[in-house]
Amino acid sequence: MSVQKIEDRERRFLERAVELAENGLYTTKPNPRVGCVVALGEEIVGEGWHQRAGEAHAEIHALSAAGSRAKGAEVFVSLEPCAHTGRTGPCAQALIDAGVKRVVTAMVDPNPQVAGKGLEMLSAAGIDAEVSEDDHGARGLNAGFCRRMAGGRPLVRLKVAATLDGRTAANDGSSQWITGEAARADVHRLRASSCAIVTGIGTVKEDNPRLNARVDADVAQPLRVVLDGKGQLDPQARLFSEPGDILIVTSREDDEGFGFDARTEQLCLAGDDGRVDVAGVLDVLAERACNEVLVEAGAGVAGAFVSRGLVDELWVYQSPDILGSGGQGMFVMRGMRSIDDRVEFELKDICRIRRDIRLIYVPTKEGS
């Protein structure tokens, strides 16, 4: 295994592999998104991507498409081929059996079960195994998977829709719709790429959301998590009308979840303050192989995640409207009294979505 600068031809094939991997953005969870290209010289003879957990990996699809032409070919894959047997067999062995001569990957797999073992297996079989100096976007595509493997918890994205003056609802509590239809469609794409969506009981009671991803594509729907400290969730809430699993997290052991259906699980995670332990929630989601977690909640829950340093990305959908000082703010964060108590973020990306804008912030290195 070696880290190499690559030629333009090789760069094109790796970029194509990452492009193929993006096809699994909504469906591969909890597995990483992976794409693969099999090439003979300048010609692509096979390509594929991992489509859904438990099904064939990208390399298997690409080798199948290449057929006998895989023998002596070069393989370009967005993530290191696996060397272990999970729900499918090891891809490194499949590449060896196909007789390929060279494998170039955009990045080493951060999963400790792999982490170089796939490349070592290829090298031991006499196959030239290399890692590109540039990941060509593969790491960003699997940022949540990398975060969970390296740090033991999911990548947390906190989404807020607010007006120009930072209000998430009007003085009377009404909040539909802060942003326009195009921005809301973008949120559904964000939901679709997430393994879990976390909200609070206040949002469920006030907005009665379905919390599913409504996009024109195949989607493995995210787990819906409701933080319901006092056990107030109504079994008739609209989120129960949609298919998919639901996790209710309370802070009281005696809440039995009467009236909930079989797909709904209830868990008690109480913090020292008697409220739901949001850090504990992330630990549980990591144990359940959630890579990306989207928090869509009111000011209290949003403030709890921010104040505990649990937000990796803050997504603000901002409308060019003003609701005035009587409107509701974006965060409730107790104990902040001076400028020294501020939580610092820096702007990572800005995108105009018709009349609205989407701003993505990340914690500053000093405050992270």
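List of remarks:
- When the stretch 55-73 is limited to residues that are surrounded by fewer than 16 Cβ atoms within 10 Å (Cβ to Cβ) and touching a Gly at 6+ places or on another chain (Cβ under 9 Å), the one that is nearest to Leu285 (Cα to Cα) turns out to be Ser64.
- Within the stretch 16-124, helices (runs of 4 or more DSSP H) holding 3 or more residues that are among the aromatic types (Phe, Trp, Tyr): none
- Pair list, Cβ under 7 Å, 6 or more apart: the stretch 139-167 residue touching a residue at least 40 places away in the same chain (Cβ under 8 Å), other residue open to solvent by 40 Å² or more (accessible area, probe 1.4 Å) and in a strand (DSSP E or B): Ala162/Gln318; Leu164/Gln318; Arg167/Gln328
- Residues satisfying the stated conditions in the stretch 204-218, i.e. more than 15 Å from Phe240 (Cβ to Cβ) and of a type in the set (A, V, I, L, M, F, W, C): Ala213, Val215, Ala217
- Hits in the stretch 74-94 (condition: of a type in the set (Ser, Thr, Tyr) and surrounded by fewer than 24 Cβ atoms within 10 Å (Cβ to Cβ)): Thr85, Thr88
- Exactly one residue out of Val75, Val38, Val45 is in contact with a strand residue (DSSP E or B) (Cβ under 6 Å, 6 or more places away or on another chain), of a type outside the set (Phe, Trp, Tyr), over 18 Å from Met121 (Cα atoms) and free of Cβ contacts under 8 Å to residues at least 40 places away in the same chain: that is Val45.
- Close pairs from the stretch 336-365: first under 18 Å from Gly140 (Cβ atoms), partner of a type in the set (Asp, Glu) and assigned to a strand (DSSP E or B), Cβ under 6 Å, at least 6 apart: Ile360/Glu313; Ile360/Asp349; Val362/Glu313
- Residue within the stretch 299-313 that is within 30 Å of Met149 (Cβ to Cβ), open to solvent by 60 Å² or more (accessible area, probe 1.4 Å) and modelled with pLDDT under 95 present: yes
- Matching strands (runs of 3 or more DSSP E) fully within the stretch 170-280 where at least 2 residues are closer than 21 Å to Ala299 by Cβ and either modelled with pLDDT under 95 or of a type in the set (Val, Ile, Thr) (or both): 196-200, 223-227, 246-250
- Members of the stretch 30-59 that are β-branched (Val, Ile, Thr) and under 21 Å from Ala289 (Cβ atoms): Val34
- Restricting the stretch 129-155 to residues that are within 8 Å of the chain's Cα centre (by Cα) and of a type in the set (A, V, I, L, M), the residue that is surrounded by the most Cβ atoms within 10 Å (Cβ to Cβ): Leu155
- Any chance Asp172 is open to solvent by 40 Å² or more (accessible area, probe 1.4 Å) and touching a Leu at 6+ places or on another chain (Cβ under 9 Å): no
Condition check ((1) out of contact with any Lys or Arg (no Cβ under 9 Å at 6 or more places or on another chain); (2) within 13 Å of Val198 (Cα to Cα); (3) among the polar types (S, T, N, Q)) across all residues:
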{"site": "Gln232", "(1), (2), (3)": "no, no, yes"}
{"site": "Ala237", "(1), (2), (3)": "no, no, no"}
{"site": "Asp245", "(1), (2), (3)": "no, yes, no"}
{"site": "Leu267", "(1), (2), (3)": "yes, no, no"}
{"site": "Ala279", "(1), (2), (3)": "no, yes, no"}
{"site": "Arg308", "(1), (2), (3)": "yes, no, no"}
{"site": "Asp312", "(1), (2), (3)": "no, no, no"}
{"site": "Ser325", "(1), (2), (3)": "no, no, yes"}
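- Test: residue in the stretch 346-356 that is under 22 Å from the mean Cα position of the chain (by Cα) and crowded, with 17+ Cβ neighbours inside 10 Å: yes
- Val108 vs. criteria within 18 Å of the chain's Cα centre (by Cα), buried (at least 16 other Cβ atoms within 10 Å of the Cβ) and of a type outside the set (Phe, Trp, Tyr): no
The values are calculated or read from the model by the stated rules, or taken from the named source; none is laboratory data. Predicted model only: the values in this text are computed from it and were never measured. We place every Cβ from the backbone using ideal geometry, glycine too, and count neighbours over all the protein chains shown. SASA here: full protein model, heavy atoms, side chains in, ligands and nucleic acids out. Shrake-Rupley method; radii C 1.70, N 1.55, O 1.52, S 1.80 Å.
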